[in-house]
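The structure appears below as structure tokens.
The values are calculated or read from the model by the stated rules, or taken from the named source; none is laboratory data. Owing to the predicted nature of the structure, the values given are computational and were not obtained by experimental measurement. Cβ coordinates were reconstructed from backbone atoms using ideal geometry, including for glycine residues, and neighbour counts include every protein chain displayed.
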Amino acid sequence: MVLDQPLLNTHQVAALLGVKEAAVRVWIGRGDLRAIRLGREYRIAVCDLESFVDLHATRPRLPPEARPNTDKTLENGNWLAGHAPI
């Protein structure tokens, strides 16, 4: 259900994806990104944003057991999971 998670506005989606807000509005206008219109504003459900990202990925998602460990938690100034410090 869409209301299980908070809805994002176009500014938040743009910030998450590192694009301009105008790009998000174009995707909505083309029907690429599903959105809910509330008055003059759009809201995007997290599940719809995830579907959009998955659809535009360059390769299929790997199952969890096949994904590399990307834990980047800092402990004593060193990156965990074999990552070198910056």
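In the range 35-71, of all residues being over 23 Å from Asp4 (Cβ atoms) and among the hydroxyl-bearing types (Ser, Thr, Tyr), the one that is modelled with the highest pLDDT corresponds to Thr58. For the range 5-58, the set of residues classified as free of Cβ contacts under 8 Å to residues at least 12 places away in the same chain and charged (D, E, K, R) consists of Lys20, Glu21, Arg30, Arg37, Arg40, Glu50, Asp54, listed by residue number.
Scan the range 13-62 for residues that are hydroxyl-bearing (Ser, Thr, Tyr) and exposed (fewer than 11 other Cβ atoms within 10 Å of the Cβ) and jot them down. If the condition is that a residue be hydroxyl-bearing (Ser, Thr, Tyr) and exposed (fewer than 11 other Cβ atoms within 10 Å of the Cβ), then Thr58 is the only one that fits.
Filtered by the rule that a residue be among the basic types (Lys, Arg) and either at positive phi or assigned to a loop (DSSP other than H, G, I, E, B) (or both), the range 1-38 gives Lys20, Arg34.
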